[in-house]
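Below you'll find the structure, written out as C-alpha cells, and then a few comments.
Bear in mind that the values in this text are calculations on the coordinates, not laboratory data. Since this is a predicted model, take the numbers as computed values, not measurements. Cβ coordinates were reconstructed from backbone atoms using ideal geometry, including for glycine residues, and neighbour counts include every protein chain displayed.
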Amino acid sequence: MSSSGPALKGSIRGGVALATGVAVLAAMPATAQSAAPVTAVQVDPIFATFNSDTAPGCAVAVDRAGQRVLTRAYGMADLEHGIRNSADTVFEAGSVSKQFTAAAALALVDAGKLKLDTDVRTIIPELPDYGQVITVDQLLNHTSGLRDWGAILGLAGWPRSTRINTQNDFLAIAARQKALNYRPGAESSYTNTGYNLLTEIVQRVSGKSLADYSREIFFVPLGMAHTQWRDNFRRIVPGRAQAYDRKGGGYEQDMPFEDAYGNGGLLTTVGDLQIWNQALDSGKLGKFVTTKLSERGTLRDGRKITYGRGLFNYTFKGTEEIAHSGATAGYRAWLGRYPAQKLSVALLCNAANADTGMGRKVAALFLPGPPDPERVATMPEGLFVDQASGAPLDAGRFRANESRIVSDDRIELTGRDGNLAVYLRTEPVVANTMKLADYAGSYASDEVGAAYRIEPGAGGLAWRIRDRPDFQQVLKPVYRDAFQGDGATFRFQRDAAGRVVSLTVSIERARNVKFSRVP
C-alpha cells in the first residue's frame with residue numbers, strides 16, 4: 001500500500017512558522033481559538049530540545065470534543081535535505097500500533113470468525129505445546145507468558161535494528177522456545193511476540209494480511225489517508241520523516257529494518273491518530289470493539305491489570321487515561337485520551353532521545369486538578385532478589401503502586417501494571433570469595449540459537465558470544481552462583497557433585513532461558 005499523503009516539502013504549509021515550530025489552529029469558536037496561542041506558548045518549552053533546524057523533532061496534536069485545538073511541529077524530518085517536520089509528516093508509531101492490531105482481531109471476534117478464548121495453537125500449530133492453553137485474549141492482554149522475541153535476539157547478540165527481521169524470522173524464534181515466562185494468565189508481562197502472533201492470526205482467519213484488512217475496515221472508512229503498515233520496510237513512503245539517534249555531537253540515521261509488524265510498524269500522522277481516537281470516543285468502531293479496547297485485562301486470580309487489548313488504562317490527574325507509548329528504532333510516539341474530559345493528545349517524533357512522557361506533559365496543561373502525588377518507596381538495606389527471575393532489586397528509591405515489607409527477608413511490590421513481584425533477601429558475594437574457574441566453559445542454547453564462552457575476568461566473569469568476536473561484557477558477581485551484566489542475570493546450576501553444568505539467563509521480557517554446558 002502506498003501512502004496518499006503529501007510529499008515532504010522544504011517549506012511549511014498550512015501554518016505560521018514560529019522558529020522551527022509550526023502552529024496550526026483549526027477553525028474553532030472564538031473563545032477556544034483565542035486561548036490557543038497561550039497554550040502554544042506553554043507547550044513549546046516542553047519541546048525546546050527539538051525546536052531546531054539541526055535536530056530531528058516531533059509533531060503533536062491536541063483535540064477537545066473532536067475539534068482540533070492545537071497542532072505543533074518541531075525540528076527536522078530530514079536532516080540531509082533540510083526538510084522540516086509538519087502536521088502532515090508521517091512517522092512510525094512504535095507500540096502505539098498495538099491497539100490497531102487488537103482492533104483488527106476484535107473485529108474478527110465481533111464478526112463471529114474468531115473467539116477470545118480460542119487456543120492459539122489451533123490457528124498457529126507451529127507454536128510449541130507447553131501443556132497449557134494460550135488464548136487469543138491472553139495475547140491481547142500480554143498475559144500469555146510468551147517470551148519476547150526481541151529479547152531472545154538480544155541474548156543472541158543481535159538486538160533489534162542490528163539486522164533485518166521478517167515475520168518468518170519471528171515465527172521461527174517463537175517456535176524454538178521450550179518454556180514460558182509463567183503460567184498463561186497468572187501474570188502480565190509485556191511481549192511483542194503476542195502481537196506478532198495476532199498479525200499472523202488475522203491473516204490466517206481473514207485470508208488477508210493485517211495491512212490489507214486494516215486498510216479495508218479501518219483506514220479507508222475512517223479517512224486515515226496517511227496511514228499504512230510497514231509490512232515492507234523498503235517501500236517508498238511519501239512524507240515520511242527519517243528517524244535518528246544521537247551520535248557524538250550530532251545525529252545518525254536509526255531506521256527500522258523489519259518486515260515483522262503488528263507489534264509496531266504503523267506509519268501515520270498526528271492528524272490520523274486523532275481520527276482514530278475520535279472514532280473510539282464516538283463508537284464508530286462498533287460497541288464490541290470500542291468496549292473491549294477500553295477494558296482492563298484480568299488475571300486467573302481475578303486481579304485487574306492496567307493493560308487491556310493494546311492500551312494501558314491509568315488514572316492521571318484524577319481522571320481516566322487510556323494511552324500507549326511507542327519506540328521503534330529512532331521513532332517515538334504517544335497517544336492518549338481522557339474520555340471524561342473529551343481530550344485527546346497525539347505525539348510522534350523521529351528522535352530516539354525524545355521522551356514519550358512529553359505527550360503526558362502536554363495533556364497535563366489541558367487537564368484540571370493538581371498533579372498526582374508521586375508514589376515512591378525506599379528499599380530496606382541489603383540485597384533482595386526477584387523470586388521468579390533472580391534479578392536483584394535496584395538499590396535506592398523506586399516507583400510502586402503498592403509496597404509491602406512482609407518481613408525482614410521478603411518484599412512484595414505491586415507495579416503500575418498491576419503485577420505482584422516478590423523479592424527475597426539474599427546474601428551478596430564478591431569476586432575474590434568465589435572460584436571463578438568453576439564457571440569457565442562454553443554454554444549453548446537451541447532456544448536462543450547461540451553459544452557463550454565464559455571465562456574468569458577482572459572483577460568477575462568475561463562473557464563472549466561465539467560468532468560475535470566484537471561482543472564482550474563483564475559479569476559482576478551478585479550472590480552465590482549468580483552474576484549480572486548488560487541488563488541480564490546469569491544463574492549457574494550445579495549437579496550433585498557440585499560441578500557447574502548449565503546456566504539460565506533472565507533479561508527483561510525473557511526469564512530463565514537455559515544454556516547447557518558443552519565441550
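Before moving on, here are some points about what is shown:
- Between helix 270-282 and the chain there is an angle of about 90 degrees, using the helix long axis and the longest principal axis of the Cα atoms.
- Of Lys113/Lys284; Lys208/Lys247; Lys178/Lys247; Lys98/Lys304; Lys115/Lys178; Lys208/Lys287, those spanning more than 31 Å from alpha-carbon to alpha-carbon: Lys208/Lys247; Lys178/Lys247
- Once both labels are positioned 7 Å from their Cα atoms along Cα-to-Cβ, the gap between Ala340 and Glu216 label points is 4.1 nm.
- Assigned charges on the beta-carbon of Lys, Arg, Asp, Glu; the chain dipole about Cα centre (debye): 300 debye
- Sites Arg183 and Leu116 - FRET efficiency at Förster radius 25 Å, r taken between beta-carbons, to 0.05: 0.85
- For the pair Ala65 and Arg204 in one chain, pulling the backbone fully straight at 0.36 nm per residue adds 46.3 nm over the alpha carbon distance.
- Full extension of the chain segment joining Ala440 with Arg499 gains 20.1 nm, where the gain is 0.36 nm per residue of separation less the Cα-Cα distance.
- Reachable lysines, given that their alpha-carbon falls under 20 Å from the alpha-carbon of Lys435 and they are not under 8 places away in the same chain: Lys476
- The chain, helix-only ellipticity at 222 nm - DSSP H runs n ≥ 4, -39,500 (n - 2.57), divided by all residues, nearest 500: -5500 deg cm²/dmol
- In this simple spin-label approximation, Asp355 and Val422 carry label points 7 Å from Cα along the Cα→Cβ vector, and these lie 3.6 nm apart.
- In region 49-85, the trypsin sites (Lys or Arg not before Pro) that fall in loop regions by DSSP, at most 12 other Cβ within 10 Å: none
- Taking 0.36 nm per residue of separation and subtracting the current Cα-Cα distance, fully stretching the chain between Arg246 and Lys284 would add 9.6 nm.
- Each label point was placed 7 Å from the Cα along the Cα-to-Cβ direction; for Ile236 and Val518 their separation is 4.6 nm.
- Ile46, Ile465 arranged by Cβ crowding within 10 Å, fewest neighbours leading: Ile465, Ile46
- In angstrom, the C-alpha Rg and Dmax of the chain are 24.0, 82.
- The value of relative contact order for region 208-277, using C-alpha pairs under 8 Å at least six residues apart, is 40 percent.
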